[in-house]
């Protein structure tokens, strides 16, 4: 399978596994923009009189690499991608500043 198509499939599977909803008033949405390669896991709805809108995971695919832009879960998304066959060098921790990236086990793009 072509690398880009494989990465798109892996990211969608990852988001699907993390999508959970225990609150009937809150919808967990998986947002996939495959044309521009932006992927998000978002909760939206109401909890009593309080509006809920939260992006828990945001992943982009840019220049053949998977960029973890935002992770508000306790999961190690990088490790989960590696177990799905994505090389460490193709994972960029966009949520870290560029000067920190060389000190991680992942890519530095």
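The values are calculated or read from the model by the stated rules, or taken from the named source; none is laboratory data. A quick note: this is a predicted structure, and the numbers were derived from the prediction, not measured. Methodologically, a virtual Cβ is constructed for each residue, glycine included, from the backbone with ideal geometry; neighbour enumeration extends over all protein chains shown.
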Inset, instruction - Identify the single condition in (1) farther than 16 Å from residue 59 by Cβ; (2) not in a loop (DSSP other than H, G, I, E, B) that residue 97 does not satisfy, given that it satisfies every other one. - result: (2)
Inset, instruction - Return yes when residue 56 is modelled with pLDDT of 95 or more, closer than 20 Å to residue 84 by Cβ and part of a helix (DSSP H, G or I) and no when it is not. - result: no
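If you check 44, 61, which single one turns out to be more than 25 Å from residue 5 (Cβ to Cβ), assigned to a strand (DSSP E or B) and either in contact with a strand residue (DSSP E or B) (Cβ under 6 Å, 6 or more places away or on another chain) or touching a residue at least 12 places away in the same chain (Cβ under 8 Å) (or both)? Lay out the reasoning, then the answer.
Details: 61 fails: more than 25 Å from residue 5 (Cβ to Cβ).
Being more than 25 Å from residue 5 (Cβ to Cβ), assigned to a strand (DSSP E or B) and either in contact with a strand residue (DSSP E or B) (Cβ under 6 Å, 6 or more places away or on another chain) or touching a residue at least 12 places away in the same chain (Cβ under 8 Å) (or both) holds for just one of 44, 61, which is 44.
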